[in-house]
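The values are calculated or read from the model by the stated rules, or taken from the named source; none is laboratory data. Keep in mind that what you see is a predicted model, and the values were worked out from it rather than measured. As a convention, Cβ positions derive from the backbone with ideal geometry for all residues, glycine included, and neighbour counts pool all protein chains shown. All accessible areas refer to the heavy atoms of the entire protein, side chains included, with ligands and DNA or RNA removed. Shrake-Rupley method; radii C 1.70, N 1.55, O 1.52, S 1.80 Å.
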Amino acid sequence: MDIEREWNEQRETMVRRDLRDRGIQDVRVLTAMSMVPRHRFVPPEYQYEAYADAPLPIGGEQTISQPYMVALMTEALRLTGGERVLEIGTGSGYQTAVLAEMGADVWTIERSATLSVNADVLLQSLGYESIQCFELDGTLGLPSEAPFDRILATGSLPDVPKSLLGQLIEDGIFVGPIGSWYSQELVRIVYHANQFKRDVLCACRFVPLIGEDGWQH
Ligand code: SAH
């Protein structure tokens, strides 16, 4: 069988078995994730596992997030298309591509120069034009482009930095893992009428966001 067809079949199975059948309901999320070639975002030696529901190493002790978690976070953002989204922790760029497939304009920040450049090159080669990559400390957000409709942290934080919440518009939504170094809760915060309403989506474990308003390491 030709290899692209094989990847497509594996991806369809992943979307059905690991996302839809496990409770991801937003059809736009399922469609977006059936479009993004996850095997292009993992190192060649892990490609055979690209459509398993697991995080995988991407170098520098960092990981590409597990597909189910990417789906859950994307669904939690309640995207309908056209939103301005800030992503903190570009990593492989996989989640970034999923956000772009959801019709968002994405500003994505990565602390590691190597990861940022690799993701930028890959995302461009795949034709994503609504994504801008920045090599910066994302725990401070991106004040020059604020405010945002959505902010997604794809690494853990000890608490939600005020600098980030201050960059949300009215009815804006923050999603990210908040907690200790070893375990966190996936938290959603909605900013409405001068109040931040917080709900917890699940327990989780992410690599840390290291920076001025994140973990000091
Ligand atoms: N969304 C990514 C997951 C990356 S893991 C993916 O699916 O591939 C989290 C990423 O956050 C790592 O790449 C790490 O280098 C990066 N990171 C850590 N601290 C950061 C900071 N202060 N600002 C931006 N990125 C940071």
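Take the conditions (1) in contact (Cβ under 8 Å) with a residue 12 or more places away in the chain; (2) within 15 Å of the ligand (Cβ to nearest atom); Val200 misses just one of them, which is (2). Please identify the pairs in which a residue from the stretch 75-102 that is touching a residue at least 12 places away in the same chain (Cβ under 8 Å) has its Cβ atom under 7 Å from the Cβ atom of a residue that is away from the ligand (no atom under 15 Å from the Cβ) and acidic (Asp, Glu), counting only partners at least 6 apart or on another chain. Partner pairs satisfying both residue conditions: Glu75/Asp26; Glu83/Asp149; Arg84/Asp105; Arg84/Asp149; Val85/Asp105; Val85/Asp149. When the stretch 72-122 is filtered for residues that are within 20 Å of Ile210 (Cβ to Cβ) and among the acidic types (Asp, Glu), the ones remaining, listed by number, are Glu87, Glu110. Pairs are defined by a Cβ separation below 8 Å, a sequence spacing of at least 6 or placement on different chains, a first member in the stretch 14-37 that is surrounded by 19 or more Cβ atoms within 10 Å (Cβ to Cβ), and a second member that is of a type in the set (Gly, Ala, Ser) and assigned to a loop (DSSP other than H, G, I, E, B); the pairs so defined are Met14/Ala52.
Does Gly141 satisfy being in contact (Cβ under 8 Å) with a residue 12 or more places away in the chain and within 25 Å of Thr114 (Cα to Cα)?
Details: in contact (Cβ under 8 Å) with a residue 12 or more places away in the chain: yes; within 25 Å of Thr114 (Cα to Cα): yes.
Taking the combined requirement at face value, the residue satisfies it.
You will find that of Ala153, Ala146, the residue that is farther than 16 Å from Gly91 by Cβ and buried (at least 17 other Cβ atoms within 10 Å of the Cβ) is Ala146 and no other.
Scanning the stretch 109-139 for residues that are within 10 Å of the ligand (Cβ to nearest atom) and either open to solvent by 60 Å² or more (accessible area, probe 1.4 Å) or under 16 Å from Tyr94 (Cβ atoms) (or both) gives Ile109, Glu110, Arg111, Ser112, Thr114, Leu115, Ser116, Ala119, Glu135, Leu136.
Sort out which residues of the stretch 13-62 are of a type in the set (Val, Ile, Thr), within 14 Å of Thr74 (Cβ to Cβ) and in a helix (DSSP H, G or I), and write them in order of number. Val15, Val27, Val29, Thr31 - these are the residues of the stretch 13-62 that are of a type in the set (Val, Ile, Thr), within 14 Å of Thr74 (Cβ to Cβ) and in a helix (DSSP H, G or I).
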